[in-house]
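Every number in this text was worked out from the coordinates using simple rules, so none of it is lab data. It should be emphasised that the depicted structure is a prediction, and the values quoted were computed from it without experimental measurement. Backbone-built Cβ (ideal geometry, glycine too); neighbour counts: all protein chains shown.
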């Protein structure tokens, strides 16, 4: 069992941010969800609700996106965005 996940934020042209994390929390039209290490493969649209990343030290980093796609596989959560980070 893995202890951490890798979280990547990708723009159409570059890797914007990457970190090892304990968890990722977000919300889609069906409601809030969490992604933890060893989660099943997962694909979701992420709306305007905040995406929170719990870092290895227990602190949290929060992002807001107008539209984003989250894909999780093999303990890598990749968030594909169109806009700049806010």
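Which ones in the stretch 1-18 are touching a strand residue (DSSP E or B) at 6+ places or on another chain (Cβ under 9 Å), surrounded by fewer than 10 Cβ atoms within 10 Å (Cβ to Cβ) and under 11 Å from residue 75 (Cβ atoms)?
Matches in the stretch 1-18: none.
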Here the residues within the stretch 30-41 that are in a strand (DSSP E or B) and either exposed (fewer than 14 other Cβ atoms within 10 Å of the Cβ) or touching a helix residue (DSSP H, G or I) at 6+ places or on another chain (Cβ under 7 Å) (or both) are 31, 32, 34
When the stretch 21-38 is checked residue by residue, the ones that are closer than 14 Å to residue 74 by Cα and out of contact with any strand residue (DSSP E or B) (no Cβ under 6 Å at 6 or more places or on another chain) are 38
May I ask you to verify whether residue 27 is buried (at least 16 other Cβ atoms within 10 Å of the Cβ), at negative phi and part of a strand (DSSP E or B)? yes
Of the residues 21, 49, which single one is under 19 Å from residue 82 (Cβ atoms) and either under 13 Å from the mean Cα position of the chain (by Cα) or exposed (fewer than 15 other Cβ atoms within 10 Å of the Cβ) (or both)? 49
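Conditions (1) crowded, with 17+ Cβ neighbours inside 10 Å; (2) within 17 Å of residue 2 (Cα to Cα), marked per residue:
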| position | (1), (2) |
| --- | --- |
| 55 | no, yes |
| 62 | no, no |
| 65 | yes, no |
| 76 | no, yes |
